[in-house]
Number of protein chains: 2
Amino acid sequence: MDPFMQAAIEEARKGYEAGGVPIGSVLVHRGEIIGRGHNQRQQRGSAILHGEMDALENAGRLPAHVYREAVLYTTLSPCPMCSGAIVLYGIPEVVIGENTTFKGDEALLRERGVTLTIHDDSQCKSLMAQFIAERPEVWYEDIGESGAS
Amino acid sequence: MDPFMQAAIEEARKGYEAGGVPIGSVLVHRGEIIGRGHNQRQQRGSAILHGEMDALENAGRLPAHVYREAVLYTTLSPCPMCSGAIVLYGIPEVVIGENTTFKGDEALLRERGVTLTIHDDSQCKSLMAQFIAERPEVWYEDIGESGAS
């Protein structure tokens, strides 16, 4: 397995172990991880710290050229907010663990010229399946939906 | 002047007075401000806390139906990241102070059914003009660009 996707999955697991939505992400620049993060809705009461956003935040302030040479790894297909952040910073490449649980704004990313590699990773899927079975209301809140009900 | 846009401008001013990018935002639900914020790049070293994101974060975790009845006020046209957050949460209406200094992803917002009201507010524009004259490199970093040079 790609070590960067493995690192994103480790972040997702950390999130799960802390009671949070198990989505993790790492930002990679020239073969090195420069930011890691995971969804912080539950842990920090955050409406904006999705896994990808947390990784971007933890990478800190960066000049434009760094983002433009970076690859973002995420365990789940990026939602419209995270896709927008990728577009804002001109990150040219995104590697996605799975898009079965949730399909984000892949159409927007492709339209804006972002290269997507989509895996069908069983670890990513089973972490999400487990969490959604346990805490469906948190998951639906995280994607701005009211859930089945 | 609309009191909600006035509140967003007050946030932008607070940002400017603290040395930050002067963009402010408020989230309004049923005629009440439920979240306020301003760009925190400079003050908190944040890559993701644009004014709109800070207002959404300060509003805290909310159920889907609240966002769907909300109006987001922002002093400057929302960038792709903030536009994506608006789309994620299904916020149906955005009021923009000005879009001369920077035109965000208004096309995406319209395409996704968001109603936009765009003012041409001189206070919003002059705060930005002043900041960009003083700290152009911070502004360009904030929008993922390398600037003139």
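The values are calculated or read from the model by the stated rules, or taken from the named source; none is laboratory data. Keep in mind that what you see is a predicted model, and the values were worked out from it rather than measured. Quick reminder, even Gly has a Cβ in these numbers, built from the backbone with ideal geometry, and neighbours come from all protein chains shown.
Results, tabulated for the structure shown:
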{"read-out": "Residue list for the range B:89-131, restricted to those being more than 25 Å from residue B:19 (Cα to Cα), in contact with a strand residue (DSSP E or B) (Cβ under 8 Å, 6 or more places away or on another chain) and of a type in the set (D, E, K, R)", "value": "B:93, B:106, B:110"}
{"read-out": "Residues located in the range A:62-76, provided they are surrounded by fewer than 23 Cβ atoms within 10 Å (Cβ to Cβ) and more than 18 Å from residue B:143 (Cα to Cα)", "value": "A:71"}
{"read-out": "Count of the range B:60-100 residues which are within 21 Å of residue A:146 (Cα to Cα) and of a type in the set (S, T, N, Q)", "value": "1"}
{"read-out": "Residue, farthest from the other protein chains (Cβ to nearest Cβ), within the range B:100-149, restricted to residues that are of a type in the set (Asp, Glu) and without any contact (Cβ under 8 Å) to a residue 60 or more places away in the chain", "value": "B:120"}
{"read-out": "Those residues of the range B:2-16 which are surrounded by fewer than 22 Cβ atoms within 10 Å (Cβ to Cβ), over 16 Å from residue B:71 (Cα atoms) and touching a residue at least 24 places away in the same chain (Cβ under 8 Å), in sequence order", "value": "B:13, B:14, B:16"}
{"read-out": "The range B:95-149, subset part of a loop (DSSP other than H, G, I, E, B) and surrounded by fewer than 12 Cβ atoms within 10 Å (Cβ to Cβ), residue modelled with the lowest pLDDT", "value": "B:149"}
{"read-out": "Residue pairs meeting the criteria (Cβ under 9 Å; at least 6 apart or on separate chains; first without any contact (Cβ under 8 Å) to a residue 12 or more places away in the chain, in the range B:24-50; second of a type in the set (Val, Ile, Thr) and in a helix (DSSP H, G or I))", "value": "none"}
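For (1) on the phi < 0 side of the Ramachandran plot; (2) in contact with a Leu (Cβ under 6 Å, 6 or more places away or on another chain); (3) of a type outside the set (Lys, Arg), each residue gets a yes or a no:
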site	(1), (2), (3)
A:65	yes, no, yes
A:81	yes, yes, yes
A:89	yes, no, yes
A:112	yes, no, no
